Amino acid sequence: MKLENVLLDKSKNFAIRIIGLYKYLTQNPDVSKREFVLSKQILKSGTSIGANARESRRAQSTADFISKLSIAEKEADETSYWLELLYATDYINQEIYDSLSADCEELIKLLASIIKTIGK
């Protein structure tokens, strides 16, 4: 399996998890305090990773390809920030944070590796 296919699969699965987190934060009747501002931010950045990775498949040049993946990497880093805030403010617990944060870090490392390899 090509590295880009791994990236596409992982980023799509991560986006699905982020959508689930958004639903949990905004719609779950068992949650005593609902959150709408940070959850919208993480929804945007967390789903944007895969969208930009997917868009890179149609890049017009190597520079365009690297640019799209660089945007995906920045979105992943932003998503990591929102996860930290959600955890620090007790909207998500340690287990949710650790799981999503690990997946996000894996995406960041994968994107950085692809960008570094292609950019040589």
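The values are calculated or read from the model by the stated rules, or taken from the named source; none is laboratory data. Everything numeric here is computed off the predicted structure, so don't read it as measured data. Positions of Cβ are backbone-derived with ideal geometry, glycine not excepted, and every protein chain shown enters the neighbour counts. With ligands, DNA and RNA removed, areas are computed over all heavy atoms of the protein, side chains included. Shrake-Rupley method; radii C 1.70, N 1.55, O 1.52, S 1.80 Å.
Structural remarks
- Within the range 100-112, if we keep just the residues that are farther than 17 Å from residue 39 by Cβ and in contact (Cβ under 8 Å) with a residue 24 or more places away in the chain, the residue that is farthest from the chain's Cα centre (by Cα) turns out to be 112.
- Close pairs (8 angstrom Cβ cut-off, 6 or more residues apart or separate chains): farther than 17 Å from residue 84 by Cβ and open to solvent by 100 Å² or more (accessible area, probe 1.4 Å) in the range 30-41, in a helix (DSSP H, G or I) and modelled with pLDDT of 85 or more anywhere: 34/25; 34/26; 34/27; 36/25; 36/26
- Across the range 66-76, a minimum of one residue is classified as open to solvent by 20 Å² or more (accessible area, probe 1.4 Å), within 16 Å of the chain's Cα centre (by Cα) and of a type in the set (S, T, N, Q).
- Candidate set from the range 77-93 (those that are more than 16 Å from the chain's Cα centre (by Cα) and of a type outside the set (Phe, Trp, Tyr)); member that is most open to solvent (accessible area, probe 1.4 Å): 90
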